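Got a structure for you, written out below as structure tokens; questions coming shortly.
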Amino acid sequence: MKVRFYATFRELVGRKEVEVHGVRTVGELIDVISERYGPEIKVQLLKSPRISEKKPIDGMILVNGHNVLHLRGLDTELKEDDVVYIFPPAGGG
């Protein structure tokens, strides 16, 4: 599958897009990306104080244009032909 990164995640990975194979869920994908490109992505997405049961991801992950928070969250199933978009948490006020 193709995984596209935006903003600070693009800087952390050093690329706009990577190919990942053999992962079954969004949670597994985050683990693989963190292993390959460093733990900061996982820290920002999953270890924020803003994480809650209703919002298990801080940032936004889309699978084929659909926000995983409206699907099955980290358990959202992935297929080899999916396109995943990963956005970091947004700040502001």
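We did not get these values from a lab; they are worked out from the coordinates using the rules stated. Quantities reported herein were computed from a predicted structural model and do not represent experimental measurements. Please note: Cβ atoms are built from the backbone with ideal geometry, for glycine as well, and neighbour counts cover all protein chains shown.
Could you please find all residues in the range 65-93 being among the hydrophobic types (A, V, I, L, M, F, W, C), buried (at least 16 other Cβ atoms within 10 Å of the Cβ) and under 15 Å from Val20 (Cβ atoms)?
Leu78, Val84, Ile86
With the condition kept exactly as written, say whether any residue in the range 49-64 is under 12 Å from the mean Cα position of the chain (by Cα), surrounded by 16 or more Cβ atoms within 10 Å (Cβ to Cβ), among the small types (Gly, Ala, Ser) and outside any loop (DSSP other than H, G, I, E, B).
No; the residues of the range 49-64 include none that is under 12 Å from the mean Cα position of the chain (by Cα), surrounded by 16 or more Cβ atoms within 10 Å (Cβ to Cβ), among the small types (Gly, Ala, Ser) and outside any loop (DSSP other than H, G, I, E, B).
Which pairs do you get when a residue that is closer than 18 Å to Asp31 by Cβ, found in the range 1-21, comes within reach of a residue that is of a type in the set (S, T, N, Q) and buried (at least 16 other Cβ atoms within 10 Å of the Cβ), reach meaning Cβ atoms under 8 angstrom, with the pair 6+ apart or on two chains?
As it stands, the answer is Phe9/Gln44, since those pairs meet every condition given.
If I filter the range 65-78 down to residues being outside any helix (DSSP H, G or I) and in contact with a Lys or Arg (Cβ under 9 Å, 6 or more places away or on another chain), which single residue comes out as farthest from Ser52 (Cα to Cα)?
Leu78
Let me ask something additional. Given the conditions (1) crowded, with 16+ Cβ neighbours inside 10 Å; (2) part of a loop (DSSP other than H, G, I, E, B), which single one is not true for Ser34?
Answer for Ser34: the failing condition is (2).
Condition check ((1) farther than 18 Å from Met1 by Cα; (2) in contact with a Cys (Cβ under 6 Å, 6 or more places away or on another chain); (3) not hydrophobic (A, V, I, L, M, F, W, C)) across all residues:
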| site | (1), (2), (3) |
| --- | --- |
| Gly22 | no, no, yes |
| Ile30 | no, no, no |
| Ser34 | no, no, yes |
| Tyr37 | no, no, yes |
| Glu40 | yes, no, yes |
| Pro56 | yes, no, yes |
| Gly59 | yes, no, yes |
| Asn67 | no, no, yes |
| Ala90 | yes, no, no |
